[in-house]
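The values are calculated or read from the model by the stated rules, or taken from the named source; none is laboratory data. Fair warning: this is a prediction, and the values are worked out from it, not measured in the lab. Neighbour counts run over all protein chains shown; Cβ positions are idealised from the backbone, glycine included. SASA here: full protein model, heavy atoms, side chains in, ligands and nucleic acids out. Shrake-Rupley method; radii C 1.70, N 1.55, O 1.52, S 1.80 Å.
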Amino acid sequence: MLTVVGRDGSPLSGAAVAALESAALVVGEARLLDGLPLPPGARTVAADDVAGALRELLEEADAADQDVVLVVDGDPGYFGIVRELLEQGYAPEAIPATPLVARAFAQAGLPWEDAVVVSARDGHLRQAVNACRAHPKVAVLTGPGAGPAELARALFPVTPRSFVVCEDLGGPGERVVYVRPAEATTRPWNSPDVVLVLDNRHALGETTWITGPPRTPAGWALPADAFGGGVGEGAGDKAGLSPEVRAFVLAKLGPGIGDMVWDVESGDGSVGIECARFGAAVVALDRDYAASDRVRRNVRLHGVKVAMASGDVRSAAGHLPRPDAVFLGPGVLSGQAVAEAVRVCAELRPSRLVAVPALGDVQVILDTLGEHGFTSGAVQLQAARLTPPERPGEPVAVVWGERDAPAPARRAPRTDRPIETIPAPPDEPDIPPGVP
């Protein structure tokens, strides 16, 4: 029998006490093993890697048939050990305590059904930071090398946020500290569990019927007049894309929570704004101050978070957060300048790059993407509205490249359980017409 018991500093539940009182082997972090109601002769093993310690212990002949209890922090099914145990073929019974995130928001006195919850552990710091850039209320589960200081260095000073740092929740060293990111980079921290990253202007949030971040927008590829003008209207020659072209561009960019998207000289900012509506962090970059002002107006109009930067992407790229997806709009220079802009962006190894160039620049972009390991493609799009009838617009070329596109995950079928054959249902009788 394998049982996982969560602890949160409060008295253990009856089920947890019963599991511990019958255990022959108890494994957990040292700080969680104190004061447990164990039977005489029960063996305790302190380990930071609880799952790894369990594997080693179960290789012993006398441990395989024992009742084993793993003691972990909070809810073992919420960013916890239950998933790892199931993937390794175990079938644990879980007895949860209050999740760390729930305790952290209780300490902060805030509701959390609308919060984005992310883990910065195991190499996911950059995605966690991008979620904090894009959303006003984020709970970050921390780990070694991915704690308050690292979060603060990535966010400060461009993204104004406040931190609630929760250390040793439920333990003897529990401490909840409210700090600004600049202070978080210099203070010593003692095993922080969770950091709440908050935009204080919107930290309360709105009443919702679903947990987590806002749902994918009901409408996208918004009409041109949703961005302050029709197609072809804008600052100078910085025209926005038609909704039909923008829909294709967004499909190739694939923006989502945890992504950083660059919107480079898109004209009206519509591509970056729609990416932000999908939950991505966005930086809009333009050489034209008038176009930048237009983008700012549209950002305020749609109530999203888009960081603005001025300059040429070829010189500014090294000063911006590393992108997951890059859009190079029709305002990017032509000819050799386009190839150079694509090269600079491609060398940063984004997963997706999409450009809307002049027709004569398509091949040079395809060649540049191929040289940098992208699988690329190009299409020419032309659309005309039928109601009311109108003449087709000018053809628009869209070039895209993808790097390291993951293959769909396929879980191997289990062979340790019998296959149940479900009999076919009996033939249904004919239903007379008119009978519901």
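Which order do you get for Thr44, Thr207, Thr216 if you rank them by accessible area with a 1.4 Å probe, largest at the top?
Thr207, Thr216, Thr44
Taking all protein chains together and a probe of 1.4 Å, list His202, His302 from the most accessible to the least accessible.
Most to least solvent-accessible, the answer reads His202, His302.
Could you tally the net charge around Gly401, taking each other residue with its Cβ under 10 Å from the Cβ of Gly401, Lys/Arg +1 and Asp/Glu -1?
Details: positive: Lys252, Arg352, Arg403; negative: Glu402.
Computed value for this residue: +2.
Rounded to whole Å, give me the distance from the Cα center of region 279-346 to that of region 46-114.
Between the Cα centre of region 279-346 and that of region 46-114, the gap is 44 Å.
Round to a whole number: what % of the accessible area of region 240-402 belongs to carbon and sulfur, probe 1.4 Å?
Taking all protein chains in place, region 240-402 shows 51 percent carbon and sulfur surface.
What length, rounded to one decimal in nm, is gained on full extension from Arg187 through to Ser310, with 0.36 nm per residue of separation minus their alpha-carbon distance? Please report the intermediate quantities before stating the final value.
Details: separation 123, 0.36 × 123 = 44.28 nm, distance 3.32 nm.
The Arg187-Ser310 span can extend by a further 41.0 nm.
Just to be sure I understand the rule: take each whole DSSP H helix in the chain, project its Cα atoms onto its long axis, keep it if the span is 27 Å or more and its mean Kyte-Doolittle hydropathy is at least -0.5. Which ones pass?
none
Rolling a 1.4 angstrom probe over the protein chains, ignoring ligands and nucleic acids, what is the accessible area of Ile210 in square angstrom, nearest 10?
Rounded to the nearest 10, the figure is 60 Å².
Give me the accessible area of Trp400, 1.4 Å probe, in Å² rounded to the nearest 10.
The accessible area comes out at roughly 40 Å².
What do you get for GluC sites (Glu not before Pro) in region 330-371 restricted to DSSP loop and a cutoff of at most 16 other Cβ within 10 Å of the site's Cβ?
Qualifying residues, ordered by number: Glu347.
Among the DSSP beta bridges whose two residues both lie in region 6-162, what percent are antiparallel, rounded to the nearest 5?
About 5 percent, rounded to the nearest 5.
What is the distance in Å between the Cα centres of region 168-201 and region 361-379?
45
Sum -39500 (n - 2.57) across every DSSP H segment of at least 4 residues in the chain, then divide by the residue count to get the 222 nm mean residue ellipticity, nearest 500.
-7000 deg cm²/dmol, from helical runs alone.
How large is the accessible surface per residue of region 240-402, computed with a 1.4 Å probe and reported in Å² as a whole number?
Details: 6770 Å² over 163 residues.
On a per-residue basis, region 240-402 sits at 42 Å².
Using the Cα gyration tensor of the chain, with a ≥ b ≥ c the square roots of its eigenvalues, what is the shape: rounded (a/c below 1.5), prolate (a/b larger than b/c) or oblate (neither)?
Judged from the Cα gyration tensor, the chain comes out prolate (a/c at least 1.5, a/b above b/c).
Roughly how much of Ser22 is accessible, in Å² to the nearest 10, using a 1.4 Å probe?
70
Under the classification rounded if a/c is under 1.5, otherwise prolate if a/b is larger than b/c and oblate if not, where does region 110-161 fall, given a ≥ b ≥ c as square roots of the Cα gyration tensor eigenvalues?
oblate
For Ser10, Ser162, write out the residues from largest to smallest accessible area, computed with a 1.4 angstrom probe and no ligands counted.
Output order, biggest surface exposure first: Ser10, Ser162.
By the gyration tensor of its Cα atoms, with a ≥ b ≥ c the square roots of the eigenvalues, what is the shape of region 101-198: rounded for a/c under 1.5, prolate for a/b over b/c, or oblate?
Cα axes put region 101-198 in the rounded bin.
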